[in-house]
Every structure is written in C-alpha cells, then in structure tokens.
Amino acid sequence: SPRPGHTCDLLDSRIVCFGGYGQSPFPLDVFGRFSPTDVWSSEDGAIWDKETGSPWNAKSKDGIRYDYDSVVAPSGSGATDEAIFTFGGDRETFNFFDPTQWRNVEDDVWRFALEP
C-alpha cells in the first residue's frame, strides 16, 4: 500500500519494508489515520511476502511510526544473525484539534528479525 515515511532495509538477502503512514481514503475523514500495520519482504522486488507480526509489536494503527531511522546490525553480542534496529520516530495524528498529538514522538530502540 502507498505509504510515505517508511523504510526498506536489506536483511538476510531480502528487502524488508514497514512503517510509514497513510491518510483516510474517505474525504470527509480528514484526520483519520490508516497507518499500515504490515511488514513485507522480497528477494527480488517483484514478488512480495507478508511477514508475521507487526512493526513495533503494534496492536493497532496508532502504534505505527513514521520518519524513524533504521540500521541493519548483528542482533546481539557475538551473533552471526542480523536484525533491523529502528530509532525514534513519530506517531503524530495531524489532528490540530488534539492539543497533545504533537507529543507522540518516540525515543526508543526496536529490533526486528525475519523468522527462519
């Protein structure tokens, strides 16, 4: 699905894409968020597989982030497997009638690895 603010990283010879945000497809729902809760991977960029789970272990679209940074690195001390690590990101709602929405900025680290 179309989504600005996402990232794609190369992990275990696969392109992995997740995150970002989407606006409501309904014109009168100007503040509706339809942030994608899916993770997709591909070996060649032509055929894509939906991965299990959701980014940041989000239980709903409100937990999805955008404009975060990511890096692929070893998944632990002495590990040979790699993982994607994300840093920070936004969860703003763009609802200007919500006086606290601008505080939905994260400062944590999240780790994601493909299941074998």
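Considering only residues that are exposed (fewer than 14 other Cβ atoms within 10 Å of the Cβ), of a type in the set (A, V, I, L, M) and at pLDDT 80 or above, which ones fall in the stretch 69-99?
Selection gives 71, 73.
Tell me whether the stretch 38-46 contains one or more residues that are assigned to a strand (DSSP E or B), farther than 23 Å from residue 105 by Cβ, in contact with a Ser or Thr (Cβ under 8 Å, 6 or more places away or on another chain) and of a type in the set (A, V, I, L, M).
No: zero hits.
Consider only pairs whose beta carbons are under 7 Å apart and that are at least six residues apart or on different chains; among these, list those whose first residue lies in the stretch 105-116 and is within 13 Å of residue 53 (Cα to Cα) and whose second residue is among the small types (Gly, Ala, Ser).
111/75; 111/83; 112/83; 113/75; 113/83; 114/41
Can you pull out the residues in the stretch 1-37 that are outside any strand (DSSP E or B) and hydroxyl-bearing (Ser, Thr, Tyr)?
Residues satisfying the conditions are 1, 13, 21, 24, 35, 37.
Could you tell me how many of the residues in the stretch 36-68 are polar (S, T, N, Q), loosely packed, with under 15 Cβ neighbours inside 10 Å and within 18 Å of residue 85 (Cβ to Cβ)?
So the count comes out to 1.
Just to be sure I understand, how many residues within the stretch 17-56 are in contact (Cβ under 8 Å) with a residue 60 or more places away in the chain and under 10 Å from the mean Cα position of the chain (by Cα)?
Going through the stretch 17-56 one residue at a time, the tally reaches 3.
The values are calculated or read from the model by the stated rules, or taken from the named source; none is laboratory data. Just so we're clear, the structure is a prediction, and the values are computed from it rather than from any experiment. Glycine gets a Cβ as well: all are built from the backbone with ideal geometry, and neighbour counts include every protein chain shown.
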